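Peer 1: Pasting in a structure now, in structure tokens, and then I'll have a few things to ask.
Laboratory data are not the source of any read-out in this text; all were calculated from the coordinates shown. Keep in mind that this is a model prediction, so the values were computed, not measured. Positions of Cβ are generated from backbone atoms using ideal geometry, with glycine treated the same way; all protein chains shown enter the neighbour counts.
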């Protein structure tokens, strides 16, 4: 079910009504929310609820098995079970086709013609998100950071809670399960605040991402479009705007929905396009994924505890796998590799005397770093958005001023997209050290009400093509 | 800065009052916008796409043979039929508009013919070039979308959208915020009323008062002439063979208790002369009509239909839609394709 749909509005009204009006008791409320979350997921493709249940049940028993095991070998065995099942499902559904395709290519390169049957498997929506969520729970129990949950219902509720089920934020059990212990009830103002965040998130998705940026991105990144210098840049900057408004919009709606039921979710974005450097960017972009990768991949690999070379290797590996998490294609590997390369380069620069120069503390120096960071992030976005590597290279050539003769100029709507992107980046720079909700909390009330009303009107007057959230495909 | 997971909380504040005020303000603005657009002659209009087509396609199954009337074709028939009027005139008759602008209906017709559950009446509006191999598959995408099936949620969603867009002007795709802003920026004025209105049941009306009908006529003829010169018509023998295969498919509908009328929309003299140049009726249409075992009628031969004006040469104006619909209904009654209202 899409947040930006009428069916979801009806679903939400029904679930909120049942949560607050029916005499269910706290346990009943949680069971009702869990069942509603299964319905929310099943609306897309009912049989895939089974995968969600498998992941839930396996990790529930694995965590209990780990906690109850007397010997380290038994603990490891339980860990292997959960890793095998979760990563096996993810591997089969998400990476099976990619692995097979590359196997065929490698076989062909050594003269073996192998023609496998067509890999016609649908990617279950949100599998990457809930797999990481359930895995973090078992891994935390394995490392002794938390005790297994006491209640299966609470655990199933944690995995399935619909606001964050299909596209995050990736929530940790240690942060969510304690919220299930005591009854949650948002008062009128908290409920209204949650709904205000829903409006803000939907504005980002429907008006900014789909209405303003997507038409330009789709035109410039269309397979038959030969972009000139300007078109390639504006299309890519528009994609930077689109993917931020789309994904941050989703996360904002998710946080708002959770608040409506009295729960809290982690903030997933913090003005990433105002980042000064790449490590700063990853503190601001998809925070729940970057912290997950740090805690369950980078640190277990050795983090920064070893030599400089080992640290750089760990960074590269983490970012390459982080890229691959997004999708089974070489484009995502390159995207992750580029970010890994940026982080390594930044780390090396920081180790030189150049990093101590007073210039970087001055406004001009900070602006230079900010522009450089944003430009590099945009260059990496090309690989994220383009259909394949040759397509990425064509667009990058155009951005480098080496477009073939007759490269097309940006579509008319690019003016609006450029204005929108400028506004978006400017607002992120201005609010760099705070958050939109914190700004709103301090702003004059009439301005907040007026901007909310304007957003509602803009949402209502933006009927368009159905566009799912970009991160649903991951 | 530590890489910490900070949760989003609700700060203290009078948010309930604020949200209520914002919602009330937005509602007032939308009511104002709706009234304003209507005052400027804009009408509610729905986005037409394969999803909308599929919603209507799913409605073609009746409880008894011939209690569903389905229109297939392109814009000519889609703009000419007032489906609401037909439903009023024939209580109990389900009327579905499945024509698609600018696309040959052959694929949709073959799909209906092959559908063992369908036993209604089909009015298949056919233009001579609809049978050309380059055009015949143009509605296949719509058929495939319908056959692929959509999750229940998507079908409900589209249905709600169709109802809202069909009732609220500000929800019309033609009045999306970027279009309004663009019109203001480029022309310094709000967008003019859109010529074609699409209703929630996919029927459409063409308001030529908001269009340059003569310009459209010139443009369409020039475009068609260019297309025909590039991709000349098939030989009459090939064309007739294809037309007869289509008619044979129609016999399957008749065998199930349904009925088929292959119908050519009347056009004005200019357009008729143009079509005659490329597809001489005596060589193409007449032979097919004589050999077909399903009913074939050229609207130009039906006096009361031929009299309805077509401002751009081939499309009926919204103001003449009801009259044309009534006349066509009389023809269908006369030909025994529809039962008389109330069984009279």
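Peer 1: Kindly state, to the nearest 0.05, the FRET efficiency for residue B:231 paired with residue B:9, given R0 = 51 Å and r defined as their beta-carbon distance.
Peer 2: Values: r = 65 Å, r/R0 = 1.28.
Efficiency, rounded to the nearest 0.05: 0.20.
Peer 1: Going by average Cβ density within 10 Å per residue, which order do the peptides A:266-274, B:277-285, A:67-75 take, highest to lowest?
Peer 2: A:266-274, B:277-285, A:67-75
Peer 1: Another question, if that's okay. With n ≥ 4 as the cut-off for DSSP H runs, can you work out [θ] at 222 nm for chain A, using -39500 (n - 2.57) per run divided by the number of residues, rounded to the nearest 500?
Peer 2: -20500 deg cm²/dmol
Peer 1: Report the extension gain between residue A:61 and residue A:419 in nm, rounded to one decimal, defined as 0.36 nm multiplied by the number of residues separating them, less their alpha carbon distance.
Peer 2: Full extension from residue A:61 to residue A:419 adds 123.6 nm.
Peer 1: What does the convex hull of the alpha-carbon atoms of segment B:46-162 project to on average, in nm²?
Peer 2: The Cα convex hull of segment B:46-162, projected and averaged over all directions, gives 7.4 nm².
Peer 1: Applying 1/(1 + (r/R0)^6) with R0 = 22 Å to the Cβ-Cβ distance of residue B:144 and residue B:167, what FRET efficiency is obtained, to the nearest 0.05?
Peer 2: Values: r = 30 Å, r/R0 = 1.35.
The calculated FRET efficiency here is 0.15.
Peer 1: Radius of gyration and Dmax for chain A's Cα atoms, expressed in Å?
Peer 2: Cα-based Rg and Dmax for chain A come out at 23.2, 71 Å.
Peer 1: Show me B:324-335, B:95-106 ranked by packing, highest mean number of other Cβ atoms within 10 Å first.
Peer 2: In decreasing order of mean packing, B:324-335, B:95-106 become B:95-106, B:324-335.
Peer 1: Another one. So what is the 222 nm mean residue ellipticity for chain B from helices alone, if each DSSP H run of at least 4 adds -39500 (n - 2.57) and you divide by all residues, rounding to the nearest 500 deg cm²/dmol?
Peer 2: -14000 deg cm²/dmol
Peer 1: Per residue of A:187-200, how many C-beta atoms from partner chains lie within 10 Å of its own C-beta, taken as a mean?
Peer 2: Working: counts 3, 6, 10, 7, 4, 11, 10, 4, 5, 6, 2, 0, 4, 0.
Mean partner shielding for this stretch: 5.
Peer 1: Using the alpha-carbon centroid of each, what span in Å lies between segment B:219-283 and segment A:215-290?
Peer 2: About 51 Å separates the Cα centre of segment B:219-283 from the one of segment A:215-290.
Peer 1: Just to be sure I understand the model, the point goes 7 Å from the Cα along the line to the Cβ. What's the resulting residue A:442 to residue A:103 distance in nm?
Peer 2: Placing both labels 7 Å along Cα→Cβ, they lie 5.7 nm apart.
Peer 1: I need the fraction of alpha carbon pairs in the protein assembly as shown separated by more than 48 Å, rounded to a whole percent.
Peer 2: The calculated P(r) of the protein assembly as shown puts 32 percent of pairs beyond 48 Å.
Peer 1: Here's a follow-up. For residue A:182 paired with residue A:53, estimate the spin-label separation in nm (one decimal), with each label point 7 Å from Cα along the Cα-to-Cβ line.
Peer 2: Label-label distance for residue A:182 and residue A:53, simple model: 3.5 nm.
Peer 1: How do A:363-376, A:203-216 rank on mean C-beta neighbours within 10 Å, highest first? Could the numbers behind the result be given before it?
Peer 2: Working: A:363-376: 14.8, A:203-216: 25.1.
With the highest mean Cβ count within 10 Å placed first, the list reads A:203-216, A:363-376.
Peer 1: Rounded to the nearest 5, what % of the DSSP beta bridges within the protein assembly as shown are antiparallel ones?
Peer 2: 20
Peer 1: For peptide A:2-8, what's the mean number of Cβ atoms from other chains within 10 Å of each residue's Cβ?
Peer 2: Counting other chains' Cβ atoms within 10 Å and averaging over A:2-8 gives 4.
Peer 1: If one computes the Cα centroid of segment A:31-103 and of segment B:144-200, what distance in Å separates the two points?
Peer 2: Cα centres, segment A:31-103 to segment B:144-200: 41 Å.
Peer 1: Tell me, in nm to one decimal, what length is gained between residue A:426 and residue A:22 on full extension, where the rule is 0.36 nm per residue of separation less the Cα-Cα distance? Mind showing how you got there, number by number?
Peer 2: Details: separation 404, 0.36 × 404 = 145.44 nm, distance 4.59 nm.
The span from residue A:426 to residue A:22 would gain 140.9 nm if fully extended.
Peer 1: Let me ask something additional. Using only atoms on other chains, find how many Cβ atoms lie within 10 Å of each Cβ of peptide B:153-166 and report the average. Mind dumping the intermediate values first?
Peer 2: Working: counts 11, 7, 1, 5, 9, 4, 2, 5, 4, 0, 1, 3, 1, 0.
The shielding value for this peptide is 4.
Peer 1: Largest first and to the nearest Å, give the Cα extent of segment B:8-66 along each principal axis.
Peer 2: 64, 38, 21
Peer 1: Note the angle between two axes, namely the Cα long axis of helix B:321-334 and the longest principal axis of the Cα atoms of chain B, as a number of degrees from 0 to 90, rounded to the nearest 10.
Peer 2: The helix B:321-334 is inclined about 40 degrees to chain B.
Peer 1: Any idea how far the Cα center of segment A:186-204 sits from the one of segment B:304-344, in Å?
Peer 2: 53
Peer 1: Treat each spin label as a single point 7 Å out from the Cα along the C-beta direction, and report the residue A:118 to residue A:143 distance in nm.
Peer 2: Using points 7 Å along Cα→Cβ, the separation is 4.4 nm.
Peer 1: Still on this model: If R₀ is 25 angstrom, what is the calculated FRET efficiency for the pair residue A:378 and residue A:433, using the beta carbon separation as r and rounding to 0.05?
Peer 2: 0.65
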